[in-house]
Structure formats: C-alpha cells, structure tokens
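Read-outs: derived from the displayed coordinates by stated rules, not from any lab. A quick note: this is a predicted structure, and the numbers were derived from the prediction, not measured. When we count neighbours, we look across all protein chains shown, and the Cβ atoms used for this are built from the backbone with ideal geometry, even at glycine.
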Amino acid sequence: MQRVGDPATAASRDTPIAVGAAVVEATGLNKSFRDRAALRDVSLTAHRGELVAIIGPNGAGKTTLLSILAGIQQPDSGTVSRAPGEVGWVPQQAAVYGKLTVSENLRLFARLERVADVDAEVAKMLALTGLGDRAGDPVGVLSGGNRQRVNIAIGLLGGQPVLLLDEPSAALDPRQRERVWEFVLALAAEGTSVVYSTHDIQEAERHAERVLVLADGELIFTGSPCELEAAVEKDPQAGATSSGDFERAFVAYLRQRGH
Amino acid sequence: MRWLLLKDLRILRRSPLLVALLVLYPIVIATLIGFALSRGPDKPKVALVNLVPESATQIELGGERIDVTRQAGPLFRAIDPVRAKTRAEAIEKVRSGDVLGALIIPEDTTRKLQTGLEPATVEVFYNAEDPVKARFVRDTIKSQVQDANTALTKKFSEIALQFLELISTGGEYDFLGREFDVLGLQRSEQILRGVVSDLPPGSRARTQVESVIGFAKLARDNLGFSDDVLSSVGSPIRVKQSQLDGDATPLSSFAVALAGAISLMFITLLLAAGALALEREENVFPRLVRGLVSPTGLLLEKAVLAAVCSAVVCMLMLAGLGLFVDLRWERAGLWAGAVVAGALAFAALGLAIGAVTREVRAASLMCVMLSLPLTFLALVPSGSVSPVLFDVIRAISAAFPFKPTLNALDAAMNDNGALWAPVGHLAAQFAGFAAVSRLAMRRFSS
C-alpha cells in the first residue's frame, strides 16, 4: 500500500490496510482559487475494494480533492492516474433534472453511460434507493433526501470499479443512510473501491478502512481510525481523549496539528 | 446527443407556461412593431372651434365666390376633429387630455382673407406634457395648414390669372350682378392701330399713339408669361423623388420580415441561453462532461434545439402572417434558408450568453436586455442621427445577428438585395459566438 502525507504516514506505516491493486493514484496535487490554496501537495492512492473516508473541517478541500479525482477540475500541479471512464462520481449537490421523473433521470443517464440493459439497471437502482413507488414522480417534488438517493443511484449506474462519493449521506435520514451504506458496502465487497468525504465522523469510523484527514488543503493524516486515536493518545499535548471516542480523537488531532 | 435533445424537449413539454410565453411574447411584440411600422400614426384628435359665421364662410374675389372651408379641406383630412363651441371649451379639452390639441379659427378669418391687408391667423393649442405627442400635433397641424395655404394660394392664382386674361384680351366681367365690358389690351391695341393710320406721319400725336401701342403690345406679351409666374408663386419649390439605395419593398412585407426576425431572436436566444444555463443550475453539467458528452457536443445539442424550435415557430408565424399580407410564396424555400441561418447565429449568441451568465434567470434577463436595443438600433435610419453616431450604431448592429437576419429575411421574402451577403455574415457570427461560448464554458464547472 502506498502511504500519503508526511507526519501522518508514520502512524500507519506498520499496518497495511488496503488490499488489491491501486485503482486511483494522485501525486502532489495543488489547487488554488485566486490566492487561496485549496489543496497543498496532496498525494493518495486507493486500492481495489478499499473504503477510504476523507474527513476534515469545513473548507479543508475535501470536495476539491474529489472533484480532481473525478476529473471535474484540473489540478494546478500534480498528477492523477485512473482508468478513463472507470470512476463513478456522486456530487455533493444533487445533479439531477427536476422536471424529469425519477425513472426518466435514471434512464437518461443509463443511456448516456451506454448501459447494456437500461431497463434492468433502472429497476435495480429503483430497488436500491427504495424509490420504486416514486418512480413516476418528478424529482423536483421529492424531498432533499429522496433527491439525494436519486443522485447516488445515478452515480452508481455505470458499475465503475471506483466510486467517489461527496458527502453521500448528508441529506438522508438514518434509515435511508443505512440503506445506502448497505449497498455501498456490498459494492466494496465485490471489489469496487469507494472514496467518500463526510462530515459524519462516526460514519467514517464505522465504514472506512482508511481515513484521510484534510485541513486547510493539507493532508495531515492517513491511516485507520484506530491509528488516528492511537496517534492522539501518544501525544500528551493533544488533550484528554477517552479510548474509543473517534470524534474527540479527530478534534484533538486537528488541535494537535494547529488547525 | 439524441438523448439530451429528447430530454430537453421533454422538459419543454412539461413547462407549458414557459413555452407559451416563449412563443406568444415575441409574436405579440413582433406583430405590434410590424403594425406600428406599416400603418403609421392615426389621426390626432384635435378640438376644432370654427368661429367664422355660417354666412361668412365665403369670400368674393374678382366676382368669384370662394368657400374657404372647402379650400381648407386638407387640414381636416389629417386630423380627427372634435367640435367645440368656444375657445375656452377647446382649451379645456386639451388640458383634460380629451384631445391632443385645439385649432381655433377666428371669426375674422374670411374678412382678412377678403381684404388681403393682413394674413388670417389660426390659433393652435397643444399640451406639452408629452413632448412626443406635442411634436406630433404641432407638426401635423403645421404641415396641414401649409397644405391649406397652398390650396388657397392656388385658387387665388387661378382668379388672378382670369383677371390678367381679362386685362390682356378683354371681355365680359360680372360684378355684383352687373355685367361690364372690359376693353382689354388686345382690343385697345387694335383700336389704336386704327387711329394711328389716320394721323399724319411724323406728327407728334402719331408718335405718342404709337408709343402707347408699343406699351400695350409689350404688356400683353408679358402677361402671357404670368400663368407660369403665378404658378411658381403658389408652389415655388416642388418635390421630385428619386430612390437611390435599396429596392422598393412594400412596407407591409418589410414589417413581416421584421416580425420574423424579432420572433426568431427572442425564441432562439432565450431557449439556447436558458437550456445551457439550466445544465449548470441543475448541477448536471459536471456529471455530463465527465465523459458522457463533450462540452462541444453539449453546445451543439443546445444550438440544434434552439434553432430548430425557433425556426419552426418563425416559419409558422410567417405563414400565418401570409394570410393577411401578400407574400411571395414561391420564395418560401429562401425564407427557410434565411430563417435557419438567423436561428443558428442567434443560437450561438444565446449559448454565449448562457455560458457567461451561468444562471437561467440572469441569462433570460440578459437576452431581453440585449434584444430590445438591438431591434431599435437596427431600425434607426441613416441621416436621422449624426454620422459618427450612425457609424457606431451600424457597427453595433453588424456585431450581432439581428440586422443581418432582418436583411436576409428581407432579401429572401422580398427579393431586396443578395441573400448570400447577410447569410455569410450570419455564418461568421455563428462561428464567432460559438467560439466565445466554448471559451466561457471553461468557467462552467467552477
């Protein structure tokens, strides 16, 4: 496994987490918007079947990193290596047509993705999202959570080996969130690599095999959740953390790194 | 691209109010402008007070009675007279806005015309709150009073000529029921020639009579030119009109071409700009250009959508107007060519607007803000503004597709000039605006 980031790599060096070949590899990514640096020399690798969570405070650069990995934005410098057309992407804001129905949205993107059996794929996604009974409703009249489910379903349509999810469960209720994660975990079990950003630290702890901590555009940690907690416990200046409280460990780690 | 096109058509079908507005608004605007241009202004309502007594509407000139009200006919043909009894009532009608102006004909009008010692004066009142209306009324009445003056002058000249003819050749003259025999210069000369033959040659009396004969002849000869002189006095300047530039397109046919260009512009711009901006507003653009469709392919799809929809609506509108206006149907193929060329150029401009504004509402606003001035600038005639300003207007009009589309439609529908020149212009604009929109799309993902 390739480790990314400078001080962070020490913590995970002895614990190989991911399995399989690298499917996405980014090296030395830098991106600025005017004079604000959104990413600073970020490098990472995602392997086949691996679940990677990107966590960090607001404005840390999570969405920018995922956009660059997805090919939506170009980095100012650095390289991204990925197989063309093999990365699925679910943006943070629902990217769907409000005037079209749920099934029309799915059918349109399935056709654009050149899915072989469009009807079967649409039926599969309707079952996954639990929106079968709303298939004929315009997306514009759906709740934010349901719209996000359609958004995720569209991102999953192509069956790509790598899936990038930008805050996938942000607008979902716990039941919907659980359903989405069941599906994502099943994909990962079948070999799909999943890289997702989240504000829900528990979600990162529960599902990710590896977490990347971004702060102010800088990758300050990469390793398993346990390794993050361990890194905080080793540092007496980071403040008291109770064992097993990943969220407190995360906040303490940020403080320890001056963020 | 096929699936995106079908998707856009489906979205349009589900927005009936938007489609209705998109189609009806430009058609209404185009029809109004077309009618305004082809029909010209209606007669202004003017309060009329004729204080001349019924018994005094005629003047007698050289034994002939002239009805002044009949000679002032042109004045009343140009206005919609609203009768008022008094001067005060007429002025009040102007103040209250019932009429645009008031025309007072004083009771001494015919007396002054009869005596000829001083000119008869009519009074005009108008409300200057609206400068356009005021100028319209002022100019209309002034020009029509001039016409009435000309008509009266012509009548006076005819009577003066009769008098001069009487003086020249002599004859019967009726005045106040009594008949007079006027000798005239011709008969005077004949009489004097009879007399001079009886006088001894070289005598003083003969010499004097001969000089009178000479004067009578000279006077008669010169009076022969008086009809030309008097007609020149009545109309010293005449107008001879020659057309130098542009063919003679009937105003109604030009109005149809104008209506077509306006409809085409509104529908295409709004559709192209709105459809492109919607892709970003729905956050779908990044998802699409990740390999599902290229940015250029997306632009092409929007251009085809906007151009085809607007061209169909425009052709249907032209066909509809053809029921009321004589159009050259045998040139319908050329109309279609001009409409398609214009639609594509407008589509490219619309895409540039959509790509720059990146929001449906901002794009729509910019389309409307751009369309209206372009229409008016394209209709500013040369010579109506300063040469420098006209050059600026011409340059602006040339930079956008409205004027070339209007020229192309006029050429196609009315055979007014070569079609290839405006179509070539539109093709260049299509390429230019398409390049601008492609560049502006670089900011679309941010």
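Per residue of B:281-289, what is the mean number of Cβ atoms on other protein chains within 10 angstrom of that residue's Cβ? Kindly include the intermediate steps, with their values, before the conclusion.
On the way: counts 1, 10, 7, 9, 2, 9, 12, 3, 2.
Mean shielding by partner chains, rounded to a whole number: 6.
Can you list the residues of segment A:147-172 with backbone N under 14 Å from a point 7 Å past the Cα of A:Glu86, pointing along Cα to Cβ?
The answer is A:159-163.
What FRET efficiency, computed as 1/(1 + (r/R0)^6) with R0 = 25 Å and r the Cβ-Cβ distance, is obtained for B:Leu9 and B:Leu316, rounded to the nearest 0.05?
Values: r = 17 Å, r/R0 = 0.68.
That pair, B:Leu9 with B:Leu316, gives E of 0.90.
Hey, with R₀ at 35 Å, roughly what FRET efficiency would B:Arg87 and B:Lys154 work out to, going by the Cβ-Cβ distance, to 0.05?
Working: r = 30 Å, r/R0 = 0.85.
Efficiency, from the Cβ-Cβ distance: 0.75.
Given the Cα atoms of segment A:85-187, and with Rh set as the inverse mean 1/r over their pairs in the Kirkwood sense, what is Rg to Rh to two decimals? All intermediate terms of the calculation are to be shown ahead of the outcome.
Details: Rg = 12.2 Å, Rh = 13.3 Å.
With Rg and the Kirkwood Rh in hand, the quotient comes to 0.92.
Mind checking the full-extension length gain between B:Ala427 and B:Val19? Use 0.36 nm per residue of separation minus the Cα-Cα distance, one decimal, nm. Intermediate values should be presented prior to the final figure.
Details: separation 408, 0.36 × 408 = 146.88 nm, distance 2.73 nm.
Going from the current span to full extension adds 144.2 nm.
Please compute the alpha carbon radius of gyration of segment B:45-168, then divide it by the globular-protein estimate 2.2 N^0.38 Å. Two decimals is fine. Provide the component values of the computation, followed by the final result.
Details: Rg = 16.1 Å, N = 124, 2.2 N^0.38 = 13.7 Å.
Expressed relative to 2.2 N^0.38 Å, the Cα Rg reads 1.17.
Give B:Lys112/B:Lys217; A:Lys99/A:Lys124; B:Lys43/B:Lys93 a once-over and call out the pairs whose C-alpha atoms are over 27 Å from each other. Don't skip to the end; give the middle numbers.
Values: B:Lys112/B:Lys217 36 Å; A:Lys99/A:Lys124 22 Å; B:Lys43/B:Lys93 17 Å.
Exceeds cut-off: B:Lys112/B:Lys217.
Under 5 Å between amide hydrogens, which residues at least 5 positions from A:Val23 or on another chain qualify, with H placed 1.01 Å from N in the peptide plane?
A:Ala46, A:His47, A:Arg48
With the crude spin-label approximation of a point 7 Å out along Cα→Cβ, what separation in nm comes out for A:Glu182 versus B:Met1?
4.4 nm
I want to verify a result. In a Gaussian network model of chain B, Cα cutoff 10 Å, which of these has the top mean-square fluctuation: B:Gly194, B:Gly320, B:Gly424?
B:Gly194
Taking amide hydrogens as modeled 1.01 Å from N in the peptide plane, which residues meet the under 5 Å criterion relative to A:Glu218, leaving out close sequence neighbours?
A:Arg40
Would you mind telling me which residue in B:Asp174, B:Asp198, B:Asp67 has the biggest mean-square fluctuation in a Gaussian network model of chain B, where springs connect alpha carbons within a distance under 10 angstrom?
B:Asp198
Under 17 Å from a label point 7 Å along Cα→Cβ of B:Val325: give me every residue in segment B:396-436 with its amide N that close.
B:403-417
What's the ranking of B:77-85, B:330-338, A:21-29, B:344-352 by average number of surrounding C-beta atoms within 10 Å, highest first? Walk me through the numbers on the way to the answer.
Numbers: B:77-85: 15.0, B:330-338: 16.6, A:21-29: 18.7, B:344-352: 31.1.
Per-residue Cβ counts within 10 Å, averaged per peptide and sorted highest first, yield B:344-352, A:21-29, B:330-338, B:77-85.
Treating only the Cβ of Lys, Arg, Asp and Glu as charged (+1, +1, -1, -1), what charge dipole size does segment B:45-168 show about its Cα centre? Round to the nearest 20 debye. Before the final figure, lay out the partial values.
Values: 17 positive and 18 negative charges, 60 e Å.
Computed about the Cα centre, the dipole is about 280 debye.
With the cut-off at 24 Å, report for chain A the share of all Cα pairs above it, as a whole percent.
Working: 15824 of 33411 pairs.
Considering chain A, 47 percent of its Cα-Cα pairs are separated by more than 24 Å.
By how many nm would the segment from B:Leu183 to B:Arg442 grow when fully extended, if each residue of separation counts as 0.36 nm and the alpha-carbon distance is taken off?
On the way: separation 259, 0.36 × 259 = 93.24 nm, distance 10.04 nm.
Fully extending the segment from B:Leu183 to B:Arg442 adds 83.2 nm.
How big is the dipole moment of chain A about its Cα centre under a simple scheme where the beta carbon of each Lys and Arg is +1, that of each Asp and Glu is -1, and everything else is neutral? Debye, nearest 20, please. Walk me through the numbers on the way to the answer.
Numbers: 26 positive and 33 negative charges, 103 e Å.
Its charge dipole is roughly 500 debye.
Within 10 Å of each Cβ in peptide A:152-158, how many partner chain Cβ atoms are there on average? Round it to a whole number, please.
On the way: counts 0, 0, 2, 1, 0, 0, 2.
Counting Cβ atoms of other protein chains within 10 Å of each residue's Cβ and averaging gives 1.
Express in whole angstrom the spacing between the alpha-carbon centres of segment A:178-228 and segment B:396-413.
Spelled out, the Cα-based centre of one part sits 59 Å from the other.
If each of A:His199 and A:Ala37 carries a label point 7 Å out from its Cα toward its Cβ, how far apart are those two points in nm?
Those two pseudo-labels are separated by 2.6 nm.
Largest first, please: the extent of the C-alpha atoms of chain B along each principal axis, to the nearest Å.
126, 55, 40
With N denoting the number of residues in segment A:52-137, provide Rg(C-alpha) divided by 2.2 N^0.38 Å, to two decimal places. Present the calculation step by step, with values, prior to reporting the outcome.
Numbers: Rg = 16.0 Å, N = 86, 2.2 N^0.38 = 12.0 Å.
Scaled against compact globular proteins, the figure is 1.34.
Choose one answer from B:Ser211, B:Ser157, B:Ser226: the residue with the largest mean-square fluctuation in a GNM of chain B with alpha-carbon springs under 10 Å.
In the Gaussian network model the winner is B:Ser211.
Using modelled backbone amide H atoms (1.01 Å from N, in-plane), which distant-in-sequence or interchain residues come within less than 5 Å of A:Trp89's amide H?
Residues meeting the criterion, in which the H sits 1.01 Å from N, are A:Leu164.
I'd like the mean, over residues of A:93-100, of how many other protein chain beta carbons sit within 10 Å of each residue's own Cβ. Please list the in-between numbers first.
On the way: counts 3, 3, 8, 4, 8, 5, 10, 5.
Across the residues of A:93-100, the mean count of other-chain Cβ atoms within 10 Å is 6.
Using only the Cα atoms of segment A:59-109, build the gyration tensor, take square roots of its eigenvalues as a ≥ b ≥ c, and label the shape rounded, prolate or oblate: rounded if a/c is under 1.5, else prolate if a/b is larger than b/c, else oblate. Could the numbers behind the result be given before it?
Numbers: a/c = 3.66, a/b = 1.85, b/c = 1.98.
Judged from the Cα gyration tensor, segment A:59-109 comes out oblate (a/c at least 1.5, b/c at or above a/b).
Rg to Rh for segment B:338-385: what is it, with Cα atoms only and Rh by Kirkwood?
1.09
List the equivalent ellipsoid semi-axes of the protein assembly as shown in whole Å, largest first, each obtained as the square root of 5λ for an eigenvalue λ of the Cα gyration tensor.
Details: eigenvalues 1757, 124, 107 Å².
Each semi-axis is the square root of five times an eigenvalue, giving 94, 25, 23 Å.
Once you have a ≥ b ≥ c as the square roots of the Cα gyration tensor eigenvalues for segment B:349-446, tell me rounded if a/c is under 1.5, and otherwise prolate or oblate according to whether a/b is larger than b/c. Write out the running numbers ahead of the final one.
Details: a/c = 2.34, a/b = 1.62, b/c = 1.45.
Prolate, since a/c reaches 1.5 and a/b exceeds b/c.
Set the Förster distance to 30 Å, then compute FRET efficiency between B:Val392 and B:Ala134 from the Cβ-Cβ distance, nearest 0.05. Before the final figure, lay out the partial values.
Values: r = 29 Å, r/R0 = 0.97.
For B:Val392 and B:Ala134, the calculated efficiency is 0.55.
So for segment B:251-375, what are the equivalent ellipsoid semi-axes in whole Å, largest first, each being the square root of 5 times an eigenvalue of the Cα gyration tensor? Kindly include the intermediate steps, with their values, before the conclusion.
Values: eigenvalues 191, 48, 17 Å².
Taking √(5λ) for each Cα gyration eigenvalue gives 31, 15, 9 Å.
May I ask for the percentage of alpha-carbon pairs in segment B:250-313 that lie more than 14 Å from each other? Don't jump to the answer; show the numbers that get you there.
Numbers: 1271 of 2016 pairs.
So the portion of pairs separated by more than 14 Å is 63 percent.
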